[in-house]
Structure formats: C-alpha cells, structure tokens
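The block underneath contains the structure these notes are about, expressed in structure tokens.
The values are calculated or read from the model by the stated rules, or taken from the named source; none is laboratory data. Keep in mind that what you see is a predicted model, and the values were worked out from it rather than measured. Glycine also receives a Cβ, built like all others from the backbone with ideal geometry; neighbour counts cover every protein chain displayed. All accessible areas refer to the heavy atoms of the entire protein, side chains included, with ligands and DNA or RNA removed. Shrake-Rupley method; radii C 1.70, N 1.55, O 1.52, S 1.80 Å.
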Amino acid sequence: MPDGAPRVLRGALFFGGGGMDAFISVRDLHYRYGNAGESIEALRGVSLNIVRGEYLAIVGPNGSGKSTLAKCLSGLLSPSSGDVRVNGASTRDAAALVGIRATVGMVLQNPDNQFVTSSVEDEVAFGPENLGVPPAEIRRRVASAIERVGMCGQELRDPHLLSSGEKARLAVAAMLAMEPQCLVLDEATATLDPRSRGSLLALLTQLYSAGMTIITVTHHMTEVTRAKRVVVMERGQIALTGAPAEVFARDDALKGYGLALPPAAAVERGLARRGLELGRDVVTAEELVRRVVALWEGEG
Ligand code: ADP
C-alpha cells in the first residue's frame, strides 16, 4: 500500500474499518496445540490492536497463553482460527510470512536455541543474508546493530560461549539487523542477573524512544512499569488491559491471578493503610520517592 493511500481506504481494506491505524491487529484469535483427539486451547478469543510505537507488556500466570500470543504476533505460529495482521498482512498468508518476520523480530528466553552460526558477526548477518540484502548493506547493518547493543570488539566470539546477558543482547542485535519495526521479547530477561537485565531494559527503552514498537512478555512487575500499556492474560484470554497504574489499581484482581504488585505500588498501598495517601497512580520507585519528598517539603 503506497504511503499516500487514503487512510479510510487503508482501514476499510485491512481492518474492516474497526482497527484503523493498527500496526498489529488481532481479531478473535484462537490457538490450539495438538490434534483434535488431544488438544489444548492456549488462546481463546483474543482481540487486540497494537499501534505503531507502543510499549506493551504482556503478563499473566504460567500457562495463561502469553508465549503463544507472542509467537502468534510475530508470525511464528499461525492462528487456529481468527486473524493476526501485521501492517495489514495476515500471518496465515505464507507469501507474507518472510516480510512479517522481518517486520516483527522475536527474541526468546533462551536465545541459544536461535543461534545458528559460530561468530557474533555471522549471527547478526544471518537474517539480512536470508532476506537477500546486498553485502555492503549487510556490513553496514551488522556494524550498526552490534554497536547499538554495545558489543563492539566481540564480533568474532562464539555466540554459544557468551554470558546470558551478552546472548540476550546478541539476539536483539540479530533482529535489529533485519531493521524490524517491532521487537517481541518472550521472557528475555528471565534468566539475566540484575545488571544484565538493567542493560537490556535500557536498550529497549532506547529503541522505544527511537520509535520502535516493543512488546514484552515478562513476570517482572517492575519491568511492566516501563510499558505504556499492560495486557493481563488469564486462561487464554485477556483479563485486564490498561496503563500500568490502571492495571495495578486492580490489586484484588491481580492477586486472584497470582500476580504481585511492583514494589513501589505495594509500598504505596502499605502507607495508605497507615493513613499516608500518596496516590494510587504510584508505580515506580522514583515516583514514590518524589511524592514522599513533596509531602515532606509541604510539611516543612
Ligand atoms: P505462558 O507463556 O503464559 O506460560 P503458554 O503460551 O506457554 O503460556 O502456554 C499456554 C498453554 O498451552 C499451556 O496450557 C501450555 O501447557 C500449552 N502449551 C504451550 N506450548 C505447548 C506445546 N508446544 N504443545 C502443547 N501444549 C503447549
């Protein structure tokens, strides 16, 4: 679709008018593992619009369908029924899949399984090579992606011998080299130490600030506070969605799903029970401290 195409036409053609401006549009998505005799319905009617440049966190108890949803969003799994569209192209359309997977890059929890070459630079070059990108452009992309994830000087190392944090950053670099519009991360920080986790999250924030769409599956509630929108999954469906403060305001519902509040919101609730009201919209430690200091100053 040319850039100058009328928006109404774009919406009508690709989203039936209902999902205009959606970058990724999910309609009544069902996903079933196994065969008819013995099968598990991992997703049961998920509908969701993701606009370009969003930072979305997907949370939920184990087995709620987060990972399956992430794989459907990036075209790694094709819906059993319903529809996932990326820039208007359906992930059911085999001819569109190469483009979809280059547009939406997926980073898994154990990127080891994703690595297919024996050096960092070959690993980063692998994706664009498969897309048929010319060699000079591949070299430019490889250098740029390695620089963006802070791995200059490590080009010749064996991916399998890197630390967990380095592997995660290499997996991101391998995706960046395909110049995706979106990164989907499935528990990518789960096995990282706090320092490596911090460095990966800082990188995601940087990419988000540069306009990339970030979708992250995580069970770290502190990470969720970085997102602009949260989707809470439960038994294959979306149970709650909203800005982090809106979702965390539903502490009883979250408890029911076995999810904890991030520490700052938990402290805010504890203080409120003791009569010190800082505001339900506190979700980060920085905001908590700012409100306490403002209160202190107000009394001084
Ligand atoms: P989450 O990421 O929230 O832990 P998943 O999407 O991994 O949830 O799993 C959702 C459901 O699908 C679970 O019941 C899980 O056991 C099942 N499931 C996931 N992967 C497979 C698979 N490869 N084969 C069969 N069942 C699966």
| Inside the range 223-262, can you point out the residues that are within 16 Å of the ligand (Cβ to nearest atom) and of a type in the set (Asp, Glu)? | 223, 234
| task | Determine which single condition residue 40 fails, assuming it passes every other condition in (1) part of a strand (DSSP E or B); (2) near the ligand (Cβ under 9 Å from one of its atoms); (3) modelled with pLDDT of 95 or more; (4) open to solvent by 30 Å² or more (accessible area, probe 1.4 Å). | result | (3)
| query | For residue 121, which of the numbered conditions (1) under 20 Å from residue 237 (Cα atoms); (2) open to solvent by 40 Å² or more (accessible area, probe 1.4 Å); (3) among the acidic types (Asp, Glu) fails to hold? | reply | (1)
| remark: Within the range 82-116, residues being touching a strand residue (DSSP E or B) at 6+ places or on another chain (Cβ under 8 Å), open to solvent by 30 Å² or more (accessible area, probe 1.4 Å) and within 16 Å of the ligand (Cβ to nearest atom) number 2
| request: Hey, can you tell me all the residues within the range 43-54 that are within 16 Å of the ligand (Cβ to nearest atom) and of a type in the set (Gly, Ala, Ser)? | output: 45
| field | Checklist (1) surrounded by fewer than 20 Cβ atoms within 10 Å (Cβ to Cβ); (2) touching a strand residue (DSSP E or B) at 6+ places or on another chain (Cβ under 9 Å) applied to residue 195, failing item | value | (2)
| Scan of the range 15-37 for residues that are closer than 22 Å to residue 183 by Cβ and at pLDDT below 75, ordered by number | 19, 21
| field | Hey, residue 57 touching a Pro at 6+ places or on another chain (Cβ under 8 Å), modelled with pLDDT of 95 or more, within 20 Å of residue 169 (Cα to Cα) and within 15 Å of the ligand (Cβ to nearest atom) or not | value | yes
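One line per residue, one yes/no per condition, for (1) more than 16 Å from the ligand (Cβ to nearest atom); (2) of a type outside the set (Phe, Trp, Tyr); (3) open to solvent by 10 Å² or more (accessible area, probe 1.4 Å):
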| residue | (1), (2), (3) |
| --- | --- |
| 147 | yes, yes, yes |
| 151 | yes, yes, no |
| 164 | yes, yes, yes |
| 174 | yes, yes, yes |
| 185 | no, yes, no |
| field | Residue within the range 61-77 that is more than 13 Å from the ligand (Cβ to nearest atom), hydrophobic (A, V, I, L, M, F, W, C) and in contact (Cβ under 8 Å) with a residue 40 or more places away in the chain present | value | no
| task | Looking at (1) open to solvent by 40 Å² or more (accessible area, probe 1.4 Å); (2) farther than 23 Å from residue 173 by Cα; (3) more than 16 Å from the ligand (Cβ to nearest atom), find the lone condition where residue 139 falls short. | result | (2)
| Candidates 90, 64, 39, 80 - the one that is more than 15 Å from the chain's Cα centre (by Cα), of a type outside the set (Lys, Arg) and under 23 Å from residue 243 (Cα atoms) | 64
| Enumerated helices (runs of 4 or more DSSP H) restricted to the range 210-300, each holding at least 2 residues that are surrounded by fewer than 14 Cβ atoms within 10 Å (Cβ to Cβ) | 251-256, 263-273, 285-299
| note | Every listed condition ((1) free of Cβ contacts under 8 Å to residues at least 40 places away in the same chain; (2) out of contact with any helix residue (DSSP H, G or I) (no Cβ under 6 Å at 6 or more places or on another chain)) holds for residue 102 save (1)
| message | Within the range 87-105, does at least one residue satisfy the condition of being of a type in the set (A, V, I, L, M, F, W, C) and under 24 Å from residue 155 (Cα atoms)? | response | yes
